[in-house]
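Below is one structure, written out as structure tokens; comments come after it.
The values are calculated or read from the model by the stated rules, or taken from the named source; none is laboratory data. Just so it is clear, the structure is predicted and the values come from calculations on it, not from any experiment. Note that each Cβ is placed from the backbone with ideal geometry, even for glycine, and that neighbours are counted across all protein chains shown.
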Amino acid sequence: MRILFHIAHSPFARRTRLALAAKGLTVELRDVRAHPEFFEESRRLSPLKTVPVLVEEDGRVLGDSTAISHYLDRAYPSTPPLWPSEPDEALAAFEVASLVDLAINTAVDLGGRYHALRTSEAWETVRTEAMERMQRALDTLGQRAAALSRPTFSRRGWSAPDMWLFTAEHWFASLPARAPTFAPAAQICSLGWRLPPELSRWAEQHRDRPDVRALA
């Protein structure tokens, strides 16, 4: 059985689950936050020591959600492609993916990994510069979503850039509700970012998709 080590709220894991669903591939989900033994196993399997981690039925292992998605396109070519091959659509898709990762990684770094360094003299300078990049990424994503003449980035329909952007919007939008019981969420909320309303309007049209609802 194919296995995916994941965290329920992680946008990286959630977009990987959407990618697997789009390919019609079933997996056994192992939540590393809910089960310490799964956490230890995932760290042993992948040198990245992050989730998601995909374990194929033959034992091959791959971490990183973007790497997994490109692998899936090559390993299962008879299934619907995740990434567009037409140059203009590919350019737009890769830009969305890059901006999404910049925004999420900046939030996680400042609000989580490096939050303890906030008493450093250099913190405010670093935080200000990083937050400017993060907000610029979010605003650009909002502009790209608002400029679409269809619900999805690809003419073929739902594909990787939509999965990347939808899970990012959901993650940012859910942080205030999680903040009272999850310290990193509160710390990220305190950074002073703004989720563009254009992103939420774009995401709203996809919330009732069966694969999206299955993430809950």
Next item on the list: Filter the stretch 184-216 down to the residues that are surrounded by 13 or more Cβ atoms within 10 Å (Cβ to Cβ) and small (Gly, Ala, Ser), then identify the one that is nearest to the chain's Cα centre (by Cα).
Entry: Ala203
Notebook entry, point to check: Hey, any hits in the stretch 68-81 for a residue that's in contact with a strand residue (DSSP E or B) (Cβ under 7 Å, 6 or more places away or on another chain) and among the aliphatic types (A, V, I, L, M)?
Noted result: yes
Next item on the list: Being assigned to a loop (DSSP other than H, G, I, E, B) and among the polar types (S, T, N, Q) is the filter; apply it to the stretch 27-83 and report the residue that is farthest from Ala160 (Cα to Cα).
Entry: Ser46
Notebook entry, point to check: Within the stretch 35-50, is even one residue of a type outside the set (D, E, K, R), outside the structural domain of Met163 (by TED's automatic domain parsing), surrounded by 15 or more Cβ atoms within 10 Å (Cβ to Cβ) and under 16 Å from the mean Cα position of the chain (by Cα)?
Noted result: yes
Check: Does the stretch 119-137 contain at least one residue that is touching a residue at least 40 places away in the same chain (Cβ under 8 Å), under 19 Å from Glu198 (Cβ atoms) and touching a helix residue (DSSP H, G or I) at 6+ places or on another chain (Cβ under 6 Å)?
Finding: yes
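Step by step: first the residues of the stretch 1-26, then only those that are among the small types (Gly, Ala, Ser) and not in a helix (DSSP H, G or I), then the one that is surrounded by the most Cβ atoms within 10 Å (Cβ to Cβ). Which residue is that?
Here is the first cut: in the stretch 1-26, the residues among the small types (Gly, Ala, Ser) are 8, 10, 13, 19, 21-22, 24.
Narrowing further to those that are not in a helix (DSSP H, G or I): 8, 10, 24.
Details: Ala8: 14, Ser10: 22, Gly24: 10.
For the stretch 1-26, the residue satisfying everything is Ser10.
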Margin query: Being over 19 Å from Ala21 (Cα atoms) and among the small types (Gly, Ala, Ser) is the filter here; which residues of the stretch 172-216 pass it?
Written below: Ala173, Ser174, Ala177, Ala179, Ala183, Ala185, Ala186, Ser190, Gly192, Ser200
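Take Thr106 and decide whether it is of a type in the set (S, T, N, Q), part of a loop (DSSP other than H, G, I, E, B) and crowded, with 17+ Cβ neighbours inside 10 Å. Walk me through it before giving the result.
Values: of a type in the set (S, T, N, Q): yes; part of a loop (DSSP other than H, G, I, E, B): no; crowded, with 17+ Cβ neighbours inside 10 Å: yes.
In short, no.
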Item checked: Failed criterion for Leu117 (all others in (1) part of a loop (DSSP other than H, G, I, E, B); (2) modelled with pLDDT under 95 hold) -> (1)
Item checked: Qualifying position, being in contact with a Leu (Cβ under 8 Å, 6 or more places away or on another chain) and of a type outside the set (Val, Ile, Thr), among Ala130, Ala186 -> Ala130
